[in-house]
Amino acid sequence: MKTLIQYSPLIFMLVVVYLVILLPESKRKKQYRGMLDSLRVNDEVMTKGGIVGKIINMQDRFVIIQTGPDKVRIKLDKTGVLNLLSSIDEYKSKDDKKEEKSTDNQ
């Protein structure tokens, strides 16, 4: 019993580290994996290097993006994508909502 009380601060600190650091990090990784799995052609993405481009082709592990006015194509690993900037589906849903509001107002 005395050893349990002696190690209780250490056990408490390990529990706090788990709750404060490890749980949020696993949640963030799960969100990131979900975002990578939901990538589609014509989605606009930003790479970890800061390059913004549109996905023109997808393979198992690789994504080809097209960027810039010269339409340069870059092949990179899916994990090189930092975040999804926009999706064609988002534009369609926003346009549909605008159309619904305009027809409701008339």
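Key figures
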item	result
Formal net charge of residues neighbouring residue 55 (Cβ-Cβ distance under 12 Å; K, R +1; D, E -1)	+3
For 43, 37, order by how many other beta-carbon atoms lie within 10 Å, fewest first	37, 43
10 Å beta-carbon shell around residue 65, net charge (K/R +1, D/E -1)	+1
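Here, each number is a calculation from the coordinates, and none is a lab measurement. Just so it is clear, the structure is predicted and the values come from calculations on it, not from any experiment. Cβ coordinates were reconstructed from backbone atoms using ideal geometry, including for glycine residues, and neighbour counts include every protein chain displayed.
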